[in-house]
Amino acid sequence: MSEKSTPTHTGRVPLTLEGPRLDVLDKVPSLRKVLAARSFQYAAMIPNLFVFMVLLPAGLWGSPVGNRNISIVMVWIFWWFILIAILVPFFSRIWCLMCPFPMFGDWLQRFRLIGVRNEEKKPGKIANLYSGLNKRWPKRLTNIWLQNIGFLGLCTFSALLVTRPAFSAWVFIILVFLATVLAAVYKARAFCNYVCPVSGFLSLYSMASMMEIRARDEVVCKECKTKGCRVGSEDGWGCPWFIYMGKLERNNYCGMCAECFKGCPNENISVFLRPFASDIGIKGYDEAYKGFIMITLAMAYSVILLGPYGTIKDWANISEVGNFGGFAIYAAILWGAALVVIPGVFAACAWLARKAAGAEATAEFKPVFLGYSYTLVPMGLMAWIAFSFPLLLINGSYIVSVVSDPFGWGWDLFGTAHIPWQPLIPEYLVYIQIPLLAGGLYFALKRGHQIGQALFGDGPAAWRALIPIGTFCSVATCGFLLFFAG
Ligand code: SF4
Ligand code: SF4
Ligand code: SF4
């Protein structure tokens, strides 16, 4: 695909780049039937629900040793790698299509597992019929701050999460409980949109994904009388993520449930392939902060897991070492870095970028700061993928043994329980990680320049403004390189 994606100088960053798109349903029309089938989402969810039903008791009652328990190995090694290295970059939020956490809440709201329940509001006017209180989510919480704080909070206890099966299991139980209770009180997927801690980084990094669900023709949407994608129809529930397809420009908050394929009477929705990092508009500080939090956490985990700093490792590892004072210092450094230091340094770079642009810098500080904060998306996603490769290749052999002995009780279901731990090609890891980091930096700089063009025009100002932002991204990438290669 060639790329035509130079935004025009408006002083504002466009939400998405006008690059080439490949209409998948045009090429494979039979896929529409699959997406429009009412059972489609449940066919994807139910196998995961089944897996969850094995992982949960394993977490609660299985071996307390992380690498002997299937709940830890499958979630924090296998699932995490598949999610961050394959699903998000290539298929956007497709995990949300098959995630079993909101299933009970969906059922509470709909009283249907697969079908649609409708009522006749006025003669001849059909509308979806929901159960539960169906309240509006509070307006001041209509952002991802709760997700940011929840995710940072959970990640502060990452040592517990990835080593203590019971801790992980209770976190999952609490999340399912919250998803169900919030579904009983609030409209649609309020939990997914505003609370789920996983959702925050899925939404941010799905901006880079090479797949999107969009309307084929905005004019058809404008003229559409039913707006079935948004409000529902006889065949489909209204979008559980509150999206009107005619105005959808970014991947962030589309949970890919495919409900709109059932509700659109005009076959005007499709799945498109597109260039990497096509959605470039960060809308608010909540989204920008998600980028800072993710970069900080990737750095922190690199230091803890890959660096030679025994003291910091001990501080973070509260479950093994029990040094509460040290843990408090670690938590304070982590939160301070994610919420103050890294955003502060980036804000200084954005301020310098505006100064460097000179007379052309008609844009205010806020759009410059938010605009350039997008550079953290391709850079951060690639850094997380690079970080996750050793997780899979070094620890992946545990997967083979725990499937035979999921609870760590001495079973040997498939005869693989006693296969010893064997790291896979550890000496070549760095050759995978370096191109990934270099690719992340390349896209950060390329999109950074395009963002500069939108803010300051096509001239040299966009290049001058890129210097401080590019320096920030390059230093961060060198930091990752140091930990991975060092
Ligand atoms: S937002 Fe969270 S709970 Fe909702 S579907 Fe996605 S991962 Fe699952
Ligand atoms: S129902 Fe279809 S045509 Fe109508 S607004 Fe939604 S996507 Fe557009
Ligand atoms: S726009 Fe809404 S209904 Fe359509 S796939 Fe995305 S979340 Fe589902």
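Every read-out reported here was derived from the displayed coordinates using simple, explicitly stated rules and does not represent laboratory data. Everything quoted here is computed from the prediction, not taken from an experiment. Note that we place each Cβ from the backbone using ideal geometry, even for glycine, and neighbour counts take in every protein chain shown.
As I understand it, the dipole of the range 1-139 uses +1 on the Cβ of Lys and Arg and -1 on the Cβ of Asp and Glu, about the Cα centre. Which of Val28, Tyr130, Gly105 lies farthest toward its positive end?
Sorting the options by dipole projection puts first Tyr130.
With a ≥ b ≥ c taken as the square roots of the eigenvalues of the C-alpha gyration tensor of the range 190-230, please select rounded if a/c is under 1.5 and otherwise prolate if a/b is larger than b/c or oblate if it is not? Working shown, then result.
Working: a/c = 4.92, a/b = 1.76, b/c = 2.80.
Note, shape of the range 190-230 comes out oblate.
Between beta-carbons, use under 9 Å as the cut-off and find the net charge around Asn252, counting Lys and Arg +1, Asp and Glu -1. Intermediate results must be reported in sequence, preceding the final value.
Values: positive: Arg93, Arg250, Lys283; negative: Asp279, Glu287.
So the environment of Asn252 carries a net charge of +1.
Would you calculate, for the chain, the mean residue ellipticity at 222 nm contributed by helices, counting each DSSP H stretch of 4 or more residues as -39,500 (n - 2.57) and dividing by all residues, to the nearest 500? All intermediate terms of the calculation are to be shown ahead of the outcome.
Working: 24 runs with 265 residues, N = 486.
Mean residue ellipticity, 222 nm, calculated: -16500 deg cm²/dmol.
Would you tally the net charge around Arg38, using a Cβ to Cβ cut-off of less than 10 Å, leaving Arg38 out, and scoring K and R as +1, D and E as -1? Please list the in-between numbers first.
Values: positive: Arg112, Lys262; negative: Asp235, Glu259.
Charge balance in the 10 Å sphere: 0.
When a/c is below 1.5 the answer is rounded, else prolate if a/b is larger than b/c, else oblate, so apply that to the chain with a ≥ b ≥ c taken from the square roots of the Cα gyration tensor eigenvalues.
The shape class here is oblate.
Rounding to the nearest 20 debye, state how big the charge dipole of the chain is about its Cα centre with +1 on each Lys and Arg Cβ and -1 on each Asp and Glu Cβ.
Working: 41 positive and 27 negative charges, 302 e Å.
Roughly 1460 debye, rounded to the nearest 20.
Quick check on the exposure proxy: order Val377, Val220 from fewest to most C-beta atoms within 10 angstrom.
On the way: Val377 26, Val220 16.
So the residues, fewest neighbours to most, are Val220, Val377.
May I ask you to compute the full-extension gain from Asp26 to Ile399, defined as 0.36 nm times their residue separation minus their alpha-carbon distance, rounded to one decimal in nm?
Details: separation 373, 0.36 × 373 = 134.28 nm, distance 3.89 nm.
Computed gain between Asp26 and Ile399 is 130.4 nm.
For every other residue with a beta carbon closer than 12 angstrom to the beta carbon of Arg112, add +1 if it is Lys or Arg and -1 if Asp or Glu, then tell me the sum.
Details: positive: Arg38, Arg110, Arg117; negative: Asp106.
Net charge in that neighbourhood comes out at +2.
Between Trp61 and Ala347, take the C-beta separation as r, use R0 = 41 Å, and let me know the FRET efficiency to the nearest 0.05. Walk me through the numbers on the way to the answer.
Values: r = 48 Å, r/R0 = 1.18.
About 0.25, to the nearest 0.05.
Place a +1 charge on the Cβ of each Lys and Arg in the range 324-476 and a -1 charge on the Cβ of each Asp and Glu, then give the dipole magnitude about the Cα centre in debye, rounded to the nearest 20.
Values: 6 positive and 6 negative charges, 127 e Å.
Magnitude of the dipole: close to 620 debye.
List the trypsin sites (Lys or Arg not before Pro) in the range 65-121 that DSSP assigns to loop (not H, G, I, E or B) and whose Cβ has at most 15 other Cβ atoms within 10 Å. Which are they?
On the way: sites: Arg68, Arg93, Arg110, Arg112, Arg117, Lys121; in loops: Arg93, Arg112, Arg117.
Answer in residue order: Arg112, Arg117.
Ignoring the sites themselves, what is the longest stretch of the chain with no GluC sites (Glu not before Pro) in a DSSP loop and at most 15 other beta-carbon atoms within 10 Å? Numbers along the way, then the final one.
Numbers: sites that count: Glu3, Glu18, Glu234, Glu249, Glu267, Glu364.
Here the longest run is 19-233.
For the range 264-357, which trypsin sites (Lys or Arg not before Pro) pass both filters: DSSP loop (anything but H, G, I, E, B) and at most 14 other C-beta atoms within 10 Å? Each step should come with its number before you reach the end.
Values: sites: Lys283, Lys290, Lys313, Arg354, Lys355; in loops: Lys283.
Qualifying residues, ordered by number: Lys283.
Using 1/(1 + (r/R0)^6) with R0 = 30 angstrom and r between the beta carbons of Leu178 and Leu482, what's the FRET efficiency to the nearest 0.05? Can you show the working numbers first?
Values: r = 39 Å, r/R0 = 1.29.
After rounding to 0.05, the efficiency reads 0.20.
Looking at Ile70, Leu391, Phe201, which one has the Cα that reaches farthest to the positive end of the dipole of the chain (charges on Cβ: Lys, Arg +1; Asp, Glu -1)?
Checked the options; the winner is Phe201.
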